[in-house]
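These notes concern the structure reproduced below.
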Amino acid sequence: MYITINVMNRRRRYRAAPRRWLSLTTLLLALVAGRASGLDPTKPSAQAVGWRLLAEGPLLPAPRSRAATSADFRDRALILCWHSFLADPKLPTDFSLDALGAQLDALSALGYRFPSLAEALAGRLTGRLNIVVTIDDGHRTVPRAVEKVFAPRGIEPALFIYPAVIGTTSFSMGDAEIRRLVDSGHMVGAHGYHHLYVTEELWKSDRAAFEREIYKAREKTGLITARPVLAYAYPFGAFSPRTKTELSRAGYAFGLAVKPGFVYTVEGYNDELELPRLVVTQDNWKDIYALLARNAQASGDLPKSKAK
Ligand SMILES: [Zn+2]
């Protein structure tokens, strides 16, 4: 249902704005260049990732050519969300780079691989043991975490930023840092404009603010990244049915919520505007790890040395 609505909206949008073809072509080239430069040689090529320019112009995952089977349920990913890497034990969502590296290595030891969000959204997942890394808020510690922890492990986190703080506060990365990450292949989505609760209450109390969180966020994120902005992560995980409708109208194809669940390779199993995702905190990491360990054991894909 949402797919059709999205595609229809996007067709209209891109027909009305042919100059977008330029930036879409740029993104395709950037994706090809990013993959070719190769943070992870075991990853599929950009062609295999499945993004392509449709006749209408929008950048969408390649459509599936076959009917879904029960086997498709196996091919799935869990999306995790980190925030900052200051090594500040007082911040519940903060981790040191060492702790972050240890978390990723523990998941690798369970047999997990780390496809990018773009790959997951394009349905390019194999097996049950997939983790997609996302990082919210555009914190200034992100580039170093990418350089020291994620890149050496072949992991390409997707970033969700809220433009009001980008380049204007000591909390955040600047435009140039985000652009460098985009140019090296990282997908960037919007995360509100001022990081407000984009709920029915906001729509009723301040319509302009509600629309700014969705429309201006997309416009400004697109200016910073010079790419079309396809994905939106709801600030605080808060949204309403109206938020989803406006997201689609604004040209987003995907909305990331905060709730348990997997993203499947078959669109029909996903609500594209309410994709599940878990925020990693110091308190809940043990539970998330236990969940992922159970998932690995249930899948029968656990390495023999770890099996009980
Ligand atoms: Zn946030």
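Fewest neighbouring Cβ atoms within 10 Å first, the residues Lys216, Lys259, Lys148 line up as Lys259, Lys148, Lys216.
Pairs of alpha-carbon atoms within less than 8 angstrom and 6+ residues apart define the contacts here; what relative contact order does the stretch 104-193 have, in percent?
Working: 121 pairs, mean separation 25.3, N = 90.
Relative CO of the stretch 104-193 lands at 28 percent.
The stretch between Lys148 and Asp283 holds 46.2 nm of extra length on full extension. This uses 0.36 nm per residue minus the Cα-Cα distance. Directionally averaged projected area (the stretch 183-308, Cα convex hull): 10.4 nm². In order along the stretch 97-104, phi translates into HN-Hα couplings of 5, 5, 5, 4, x, 5, 4, 5 Hz, rounded to whole numbers, per the Karplus curve 6.51 cos²θ - 1.76 cosθ + 1.60 with θ = phi - 60° and x for Gly and Pro.
Less than 11 Å Cβ to Cβ from Leu278, Lys/Arg counted +1 and Asp/Glu -1: what total charge do the surrounding residues give? Overall, the nearby charge balance is +1. Eigen-decomposition of the gyration tensor built on the alpha-carbon atoms of the stretch 74-299 gives equivalent ellipsoid semi-axes of 26, 21, 16 angstrom, largest listed first.
In the structure shown, do any of Lys148/Lys216; Lys220/Lys286; Lys90/Lys148; Lys220/Lys244; Lys216/Lys286; Lys90/Lys259 have a Cα-Cα gap over 29 Å, and if so which? The partial results should precede the final answer.
Working: Lys148/Lys216 33 Å; Lys220/Lys286 37 Å; Lys90/Lys148 23 Å; Lys220/Lys244 19 Å; Lys216/Lys286 37 Å; Lys90/Lys259 24 Å.
Violating the 29 Å Cα-Cα cut-off are Lys148/Lys216; Lys220/Lys286; Lys216/Lys286.
Placing pseudo-labels 7 Å out from each Cα toward the beta carbon at Arg140 and Leu86 gives an inter-label distance of 1.0 nm.
When Arg180, Arg218, Arg294 are sorted by how many other C-beta atoms sit within 10 angstrom of their C-beta, beginning with the fewest, the order is Arg294, Arg180, Arg218.
For each of Glu219, Glu213, Glu201, count neighbouring Cβ atoms within 10 Å of the residue's Cβ, then give the residues from fewest to most. Let's see the in-between values first.
Details: Glu219 16, Glu213 29, Glu201 12.
Fewest-to-most ranking of Glu219, Glu213, Glu201: Glu201, Glu219, Glu213.
A short reminder: the numbers here are calculations on the coordinates, not readings from a lab. Treat the numbers as computed from the prediction; the structure is a model and nothing was measured. Here Cβ is always computed from backbone atoms with ideal geometry, including for glycine, and neighbour counts include all displayed protein chains.
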